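Below: one structure, written as C-alpha cells.
The values are calculated or read from the model by the stated rules, or taken from the named source; none is laboratory data. This structure is a prediction, so every number in the text was calculated from the model and none was measured. Methodologically, a virtual Cβ is constructed for each residue, glycine included, from the backbone with ideal geometry; neighbour enumeration extends over all protein chains shown. Surface areas here come from the heavy atoms of the whole protein model, side chains and all, with no ligands, DNA or RNA. Shrake-Rupley method; radii C 1.70, N 1.55, O 1.52, S 1.80 Å.
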Amino acid sequence: MSDDRPVLLPSSCEWSEDARLVGGALRTVQAAASATGDEARYVLPPLPWQVAADLVEKCPTVDHHHSNIRIMVVPERDLRALWACYEALVGAHEGHAEATKLADLLSPFLRAYDDTDLEGLVACVGRVLAVLSLGIDAARALYTHLSSKECDTPEAVDAVTEILTAWRKAGVAP
C-alpha cells in the first residue's frame, strides 16, 4: 500500500450526487475520446478519463446514514489521473482553445443531467478531489482501527473527528 491512500468517504446525499455527476461527466468524456481516436481532441487521451471515472464511480452510496463509515483505498496513480482531468476541465471552463471540444461535449450533458454548467462541474470535481486527496494521518489510523474491528477506540473516534474537521475546511461537510 506504499503509494495508496485510505480515505474516508462521506455518506451524505450531497456527496453522492457530486460523485455521480463527476463520474458521469468523466465517463462521457472517456467514451467520446475512445470513439474519436483523436488523443488531443478532449485534452487528454481516453485512459486518464477512464481511470478517473472508474475511481469516482466507486464513491457514491445509496445508504446515507451518518453512522456508515466507508473507507476506500485510493491508488496514487488513479488520483493523478483525476487531477489531470480536473485541470482539463478547468481549462474548458476558462475557455482555453485546446479545451473547446471538451466544453462543447460536456455542456449539453451537464444541462441535461443536473441543469448545471462547467463551473458547477469544476466545483463538484474540486469537492471530490478534496475528499480523495485528503492526506492526513487520521485516515490511515482510522483504516487501521477499522481493519482490526476496533471502531470505538478513542483513537478511532479522534481520527473521525480530525477527518470531519478537514472536510469542513474543504467545504465537503457542514
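Table for the structure above
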quantity: Conditions (1) assigned to a helix (DSSP H, G or I); (2) of a type in the set (Gly, Ala, Ser); (3) surrounded by fewer than 16 Cβ atoms within 10 Å (Cβ to Cβ); (4) at pLDDT 90 or above; number of the one not met by residue 103; calculated: (3)
quantity: Any hit, the stretch 74-88, residues being open to solvent by less than 80 Å² (accessible area, probe 1.4 Å) and among the acidic types (Asp, Glu); calculated: yes
quantity: Which listed residue, of 39, 57, is open to solvent by 50 Å² or more (accessible area, probe 1.4 Å) and under 13 Å from the mean Cα position of the chain (by Cα); calculated: 57
quantity: One residue from 2, 11 being modelled with pLDDT under 95, over 15 Å from residue 88 (Cα atoms), open to solvent by 50 Å² or more (accessible area, probe 1.4 Å) and in a loop (DSSP other than H, G, I, E, B); calculated: 2
quantity: Qualifying residue in the stretch 76-86 (condition: more than 29 Å from residue 159 (Cα to Cα) and in a helix (DSSP H, G or I)); calculated: yes
